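A quick write-up on the structure given underneath.
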């Protein structure tokens, strides 16, 4: 690359980064000061953070957000893995239909989905009328295309049928070999799609607002209530949401890179 | 008594009849090759033996027991695939130990067997490496070790060398043959490469269009092709209509077609015969292709093209356009 074009590329990149980081930095600063009506913010304080962490409803919202994120993701991953195993190994012709089914949620808006679920199940009287079950079910639908794509792309990168046949010839059953050989090889795809799902579910307000009413609170609902009370408190909530999302991402990625590093260190022995 | 027996095997994929009444027997401890062009059914037969495909009709016996309906993992058969098929998330040790762990063998015994087998395939120093850091040849040797370490009744090799470069391929052909003979393991090898089949096999079964065209030792297959297809596929036979052969050599052989091996076609600058029975024709050199120590000359004899393989000698070298006398021993001409 020519020196001139490299410099201009760096300038563009820097502008884009600054443009993306300014709102984030402004929110952090805003949450740490009492007043920011002039150019320079005044009155550094951690009062907003003290306030939200001393509020038991915030801690409940945080706990419930993590719970209603993890459970649908785990359920969807297991369902998609098993379905893809059956389809790929025994009914490859059905794969296109499975793909269509899994892509449909892309076209469904949150309001329509939540209202439809309420109409169908709210007065049903079965376990499906439980608000938490409805919410987890709705979240499973929302994240289905992302999880499906992540896992399917991972499977396409390896010759799954051949690896299963090789394991079978060594005396293993196909299902056991799938979890012992195929799943560890597509773990990156599963991780990436899970992180995408986490960010989607962390940001949800519409579905939880419609489906759970006051029974379940998540961070977005808490944020909405905080915005009504104080904009600085809302900024602090936003910063905490962002930090939790970053922490989850960091934990997952470090777990993944640790397994990669173990491989590399073993190779070096 | 045969160790493996295929009895009236038929296999169809929809309307495509891939295997047609295959009857084949394999003796214990032999290396048998299923040879043929792509799509002839050789790999399908191998997969039927492995249990990875179900036969449409017929029976398969292994060591006196019918295995036609037994699931692959219970057949006691090892298999090496064309594309290595090593488990990418496991290192060489764990790949080779995979089958032994399933047999619930004690750890110390597994370790010992894995090391022994890696020693046999010459990869002891790669025991902790992952497949991605190995070359194609090394990966295939690991696959071989993994298939053999469980001491299977039969080892199946489905074109295991076709993805490997030429030099390494020749070395591995010899190595696989050495290991097979060292362990005395009954092996069925599938390939479309006739040279590979000749180098490695005790017995060759030549497949064509879902049937066995000819069976025999490599020598028998090479020197006595039974059909026009066998002559075409094995070696580089000159295939001629008998009337053309009779016309250019002024002979009177019976039959429809004849096959002439290129190495029995001799070229000379004079019409001197080495023995009086030899048939002679005149021709023009139209092309020559060096093949290492041999040169393949393409000679035009009255509109009929003949290939002659001649040992390279500087003073005997012919050039395009040279007029030559072509001699053939009629006893070595094969009538098809």
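Read-outs throughout are calculated quantities, based only on the coordinates presented, and are distinct from any laboratory measurement. Computed from a prediction, not measured in an experiment: that's the story for all the values here. In this analysis, Cβ positions are derived from the backbone assuming ideal geometry, glycine residues included, and neighbour counts consider all displayed protein chains.
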TODO: Consider all pairwise Cα distances in segment B:221-282 and report the whole-number % of them above 20 Å.
DONE: 33
Task: Order of B:115, B:175 under a 10 Å beta carbon neighbour criterion, fewest first - done: B:115, B:175
Open item on the list: On the principal axes of its Cα set, how long, how wide and how thick is segment A:105-170? Give whole Å, largest value first.
Closed with: 52, 26, 14
Task: Spin-label pair residue B:269/residue A:103, simplified geometry with 7 Å Cα→Cβ offset, distance in nm - done: 7.4
Open item on the list: Taking a ≥ b ≥ c as the square roots of the Cα gyration tensor eigenvalues, with a/c under 1.5 meaning rounded and otherwise prolate when a/b beats b/c, else oblate, which class fits segment A:1-104?
Closed with: oblate
Open item on the list: Assuming 0.36 nm per residue, please report the length gained on full extension of the stretch residue B:166 to residue B:302 beyond their Cα-Cα distance.
Closed with: 45.2 nm
Task: Theoretical ellipticity at 222 nm over chain B - DSSP helices of four or more residues, -39500 (n - 2.57) apiece, nearest 500 - done: -8000 deg cm²/dmol
Task: Kirkwood Rh and Cα Rg combined as Rg/Rh, chain A - done: 1.05
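Semi-axes of the equivalent ellipsoid of chain B: what are they in whole Å, largest first, if each equals the square root of 5 times a C-alpha gyration tensor eigenvalue?
46, 25, 15
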Task: Convex hull projection area averaged over all views, segment B:1-148, Cα basis, nm² - done: 10.3
TODO: In whole Å, largest first, what are the principal axis extents of the Cα atoms in segment A:44-134?
DONE: 62, 34, 24
Open item on the list: With both bridge residues required to lie in segment B:4-233, what share of the DSSP beta bridges run antiparallel, to the nearest 5%?
Closed with: 50
TODO: Counting only C-alpha contacts under 8 Å and six or more residues apart, can you give the relative contact order of segment A:150-223 as a whole percent?
DONE: 31
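Please report the relative contact order for chain B, taking Cα pairs under 8 Å with a sequence separation of at least 6, and give it as a percent rounded to a whole number.
After rounding, I find 16 percent.
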Open item on the list: Can you sort A:212, B:133, A:254 from fewest to most other Cβ atoms within 10 Å of each residue's own Cβ?
Closed with: A:254, B:133, A:212
- [ ] Compute the FRET efficiency between residue B:56 and residue A:89 as 1/(1 + (r/R0)^6), taking r as their Cβ-Cβ distance and R0 = 22 Å, and round to the nearest 0.05.
- [x] 0.60
TODO: Would you mind putting B:260-270, B:82-92 in packing order, based on average other-beta-carbon counts within 10 Å, highest first?
DONE: B:82-92, B:260-270
TODO: Using Cα centres only, tell me the gap between segment B:226-254 and segment B:135-183 in whole Å.
DONE: 37
Task: Percent RCO, i.e. relative contact order, over chain A, from Cα pairs under 8 Å lying at least 6 residues apart - done: 26
- [ ] Calculate the spin-label point distance for residue A:25 paired with residue B:329, positioning each point 7 Å from the Cα along the beta-carbon direction, and give it in nanometres.
- [x] 9.2
Task: Whole-angstrom gap from segment A:1-51 to segment A:152-169, using each part's C-alpha centre - done: 47
Open item on the list: How much length would be gained if the chain were fully extended between residue A:128 and residue A:57, taking 0.36 nm per residue of separation minus their Cα-Cα distance, in nm to one decimal?
Closed with: 23.0 nm
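Would you list B:291, B:319 from fewest to most Cβ contacts within 10 Å? Mind showing how you got there, number by number?
Values: B:291 11, B:319 8.
Least to most surrounded, the residues fall as B:319, B:291.
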Open item on the list: Given the DSSP H assignment, sum -39500 (n - 2.57) over each helix run of at least 4 residues in chain A and divide by its residue total; what's the result at 222 nm in deg cm²/dmol, nearest 500?
Closed with: -25500 deg cm²/dmol
Open item on the list: Restricting the calculation to Cα positions, tell me the Rg (one decimal) and the Dmax (whole number) of the protein assembly as shown in Å.
Closed with: 35.7, 119
Task: Reference-scaled alpha-carbon Rg (2.2 N^0.38 Å with N residues) for segment B:79-222 - done: 1.09
Task: Crossing angle, helix B:136-148 versus chain B [Cα axis fit, 0-90 degrees, rounded to tens] - done: 60
- [ ] Rounded to the nearest 0.05, what FRET efficiency do residue A:37 and residue A:224 give with R0 = 35 Å and r taken as the Cβ-Cβ distance? Could you check?
- [x] 0.90
TODO: Among DSSP beta bridges lying fully in the protein assembly as shown, give the percent that are antiparallel, nearest 5.
DONE: 75
Task: Label-point separation, residue A:253 to residue B:278 (7 Å along Cα→Cβ), nm - done: 8.0
